[in-house]
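The structure appears right after this line, and notes come after that.
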Amino acid sequence: MPAKLILSVQDALVRYPDRLIFEDLTFHIHEGKRIALVGKNGAGKSTLMDVITGKHVIHDGERWEDPNLTIGYLRQDVQAEPNTTVFDYIFEEIAEKDRELYGYKVDIVTDALQLDPQAQMTRLSGGQLRRAGLARALVEEPDILLLDEPTNHLDLDAIEWMEGYLNSYRGTLMVISHDRTFLSNITNQVFWLDRGELRVSPKGFKHFEEWSEELLEQESRELKNRRQIVKQEVEWASRGAQARRTKSVNRIARMRELRDQLKKDEASYRRATQKIKLGTMKRPEHTAKDVAEFYNVHKAFEREDGSDLSILDSFSLRIQRGERIGILGSNGSGKTTFLKLLIGEEKPDKGSVKVQKDIQFSYFDQKRADLNPEETLMRSLAPHGGEFIDVMGKNRHVRGYLRDFMFDPARALDKVRELSGGQKNRLMLARVLANPKSCLILDEPTNDLDMDTLDMLEEILSNYKGTLIVVSHDRDFLDQTVTRILAFEGEGKITSLIGGYSDYLAFKTKQPNTKAKEKSAPAPKKKESAEIKKEKSKTSTPKKISYKFQRELSQLPGKIEKLTNEIQEHQKQLSDQTFYERDPSAFHAVIKAHDEAKATLERYENRWLELMEMQEESVTRFFLDNNGASC
């Protein structure tokens, strides 16, 4: 028996005064569905939720809902009236007669989310306000529960508790989240907003990548077929023999329509499938084997009741150059204190923390304290003036670099205060990752980021050559970026384990009551080293340089010189401060040509080095072979 339909939108036109959001929007929500709502930043996810609640009125089409339907909504911004306690805020939308019925749920939810029901809402931090909003949404138990980024500012214990709570939830869910693991664990349907169109998958987010790739591959094949048809029509029109006949004139007009529409659709497809490429990071200037060493460190703070809260207890740790460490743990378990001890902002009560003298830290602070709300985006990235910044050893125009982080270059002169939370995080990342130092520390970098930005961040971190330390509650992100876990479990207990979050979870499942030690999982490290050694042995085999390669080597210096001149010309054009105002289209074209020329130049230079090495190996081998024969 099919699930009961509880809300439906048919052929809706959705717009704001300045822009169209959806045209012919159609979707149906059935009882018991658990929907992941996904799409690029700005695709209209929050607007779609407003259509569901009825807050955003559609301009055309039909919206129907079950007469007795109730809808709850956790928004990203939580606001409360003065003199309101957490308890009062949670019960604000619940009728007086029902409060006794829901009372026990308040205790369950606030305890799991580490909230004091009697705390004043105006005194809560941003993260605590989000938790209060989540508690309110969960306690209400509406027929449709809409959650916009519910995992932000939650630790892993709270996220895992919420997964269990939502999986037993009897109503219908719709969730926006950047946390892939969270979505995979709780959803059985996907609404994908793609270029103004809503696509629906009958399976959960766990199968989203495979399903969406199939759709994009199908679209690519269709574009290829259309390209061939347009090519044939253009060839016919170019002959021009019958162009004066009425039928031929109509055919030429039709050809032009097909060609113009194909160009638009191909551009749309490229935008949907493009991946951000920021190039290869230069290796940070740091030669010491060890970055830092914690030896027998003790650190504690005094609680409000006068007792001691132990953060680190006889803690010893050596951080080596190039390590990729993921830090997880509940709020208050000591993660931030550990980072402050490392960078020198805190001192241990006992023991020592030694950091190599030539170590430099780049620090992403989740509180975004380094951002000045009154500065422009351009000045945040180039504080000393000018329109160019050094990015990984290369000169980049600020507007082009902003575009890499999914900003409209036209917003370069906007104030930081005008940005959303996710946009501020992207701006912070752009600052930190322009020239990351020898040790990169990221404290909850995934909060408020969409999945496209997360993919970009993972790609950048995979190319980072220095030491990486990441504090995150995003399990998939940790699996993709780190090779060692430090789990802060409270009261000074810390588990260290080789691997990502999945390895840590498997270890805890097998040995839930045993403290993990660094030697607990040496096998993966040995295996990885062996695989790397094997891979290196494959690629290090000397190659004999042929005439073809010799010719390529002789031509590369000329190509490199030509590209270098082109890049200098581009930089000269972009240094004109009035260029963008005079001709934005030409400005974007020059930035694109500039970036492509730099990427090609890097490829030519790498190829030249590769061929030179091949030539040297060939000469050396010839010399040794001949000397061996003479002996």
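Hey, rough spin-label estimate for GLU561 and GLU213, points 7 angstrom out along Cα→Cβ, what's it come to in nanometres?
4.5
Considering only DSSP states other than H, G, I, E and B, which GluC sites (Glu not before Pro) in the stretch 90-145 qualify as loop sites with at most 14 other Cβ atoms within 10 Å?
GLU92, GLU93
Once amide H atoms are placed 1.01 Å from N in the peptide plane, what residues at a sequence separation of 5 or more from ILE21, or on another chain, have their amide H within under 5 Å of its amide H?
Correct list: VAL14, ARG15, TYR16.
Give, in nm to one decimal, the length gained when the segment between LYS4 and ASP18 is fully stretched (0.36 nm per residue of separation minus the Cα-Cα distance).
In short, 1.4 nm is gained.
If each residue of separation counts as 0.36 nm, what is the full-extension length gain between GLN573 and ASN331 once their alpha-carbon separation is subtracted?
82.1 nm
In whole Å, how far is the Cα centre of the stretch 52-122 from that of the stretch 157-229?
Comparing the Cα centres of the stretch 52-122 and the stretch 157-229, I get a distance of 26 Å.
What's the extension gain from GLU31 to ILE229 if we count 0.36 nm per residue and subtract their Cα-Cα distance? Provide the component values of the computation, followed by the final result.
Values: separation 198, 0.36 × 198 = 71.28 nm, distance 4.52 nm.
Contour length minus the Cα-Cα distance gives 66.8 nm.
What are the ³J(HN,Hα) couplings of the stretch 420-437, residue after residue, when phi is run through the Karplus curve with 6.51, -1.76, 1.60 and θ = phi - 60°? Round to Hz, x for glycine and proline.
Computed from phi, the couplings for the stretch 420-437 are 6, x, x, 5, 5, 4, 5, 5, 4, 4, 4, 5, 5, 8, 4, 8, x, 7 Hz.
Shape verdict for the stretch 361-438, please, from the Cα gyration tensor: rounded (a/c under 1.5), prolate (a/b greater than b/c) or oblate.
Cα axes put the stretch 361-438 in the oblate bin.
Which trypsin sites (Lys or Arg not before Pro) in the stretch 1-62 pass both tests, a DSSP loop state and at most 13 other beta-carbon atoms within 10 Å? Mind dumping the intermediate values first?
On the way: sites: LYS4, ARG15, ARG19, LYS33, ARG34, LYS40, LYS45, LYS55; in loops: LYS4, LYS33, LYS40, LYS55.
Hits after loop and neighbour filter: LYS4, LYS55.
Give the value in nm², to one decimal: projected area of the alpha carbon convex hull of the stretch 352-394, averaged over all directions.
On the way: hull surface 20.9 nm².
In nm², the orientation-averaged hull projection of the stretch 352-394 is 5.2.
Which links in LYS40/LYS437; LYS347/LYS493; LYS105/LYS367; LYS55/LYS415 stretch past 25 Å when you go from one Cα to the other?
LYS40/LYS437; LYS105/LYS367; LYS55/LYS415
Show me, for the stretch 14-24, the HN-Hα J-couplings you get by feeding each phi into the Karplus relation (A = 6.51, B = -1.76, C = 1.60, θ = phi - 60°), rounded to Hz, glycine and proline as x.
10, 8, 9, x, 9, 7, 8, 9, 9, 10, 6
For ARG63 and SER420, what is the calculated FRET efficiency with R₀ set at 35 Å and r taken between the beta-carbons, to the nearest 0.05?
E between ARG63 and SER420, to the nearest 0.05, is 0.85.
Simple spin-label model, 7 Å along Cα-to-Cβ: ASN606 to ALA410 in nm?
3.5
Within the stretch 332-408, report the GluC sites (Glu not before Pro) that DSSP leaves as loop and that have at most 16 other Cβ atoms within 10 Å.
Qualifying residues, ordered by number: GLU345, GLU346, GLU374, GLU375.
Just to check I understand the Karplus step: with θ = phi - 60° and J = 6.51 cos²θ - 1.76 cosθ + 1.60, what whole-Hz values come out for the stretch 387-399, glycine and proline as x?
Those phi angles translate into 10, 10, 10, 7, 10, 6, x, 10, 7, 10, 6, 4, 5 Hz.
Just list whichever of LYS424/LYS592; LYS264/LYS394; LYS231/LYS263 have alpha carbons separated by over 21 Å in the model shown. Working shown, then result.
Details: LYS424/LYS592 25 Å; LYS264/LYS394 33 Å; LYS231/LYS263 12 Å.
Exceeds cut-off: LYS424/LYS592; LYS264/LYS394.
No lab work stands behind these numbers, since they all come straight from the coordinates. Remember, predicted model here, so these are calculated numbers, not experimental data. Every residue, glycine among them, receives a Cβ derived from its backbone with ideal geometry; neighbour counts consider all protein chains shown.
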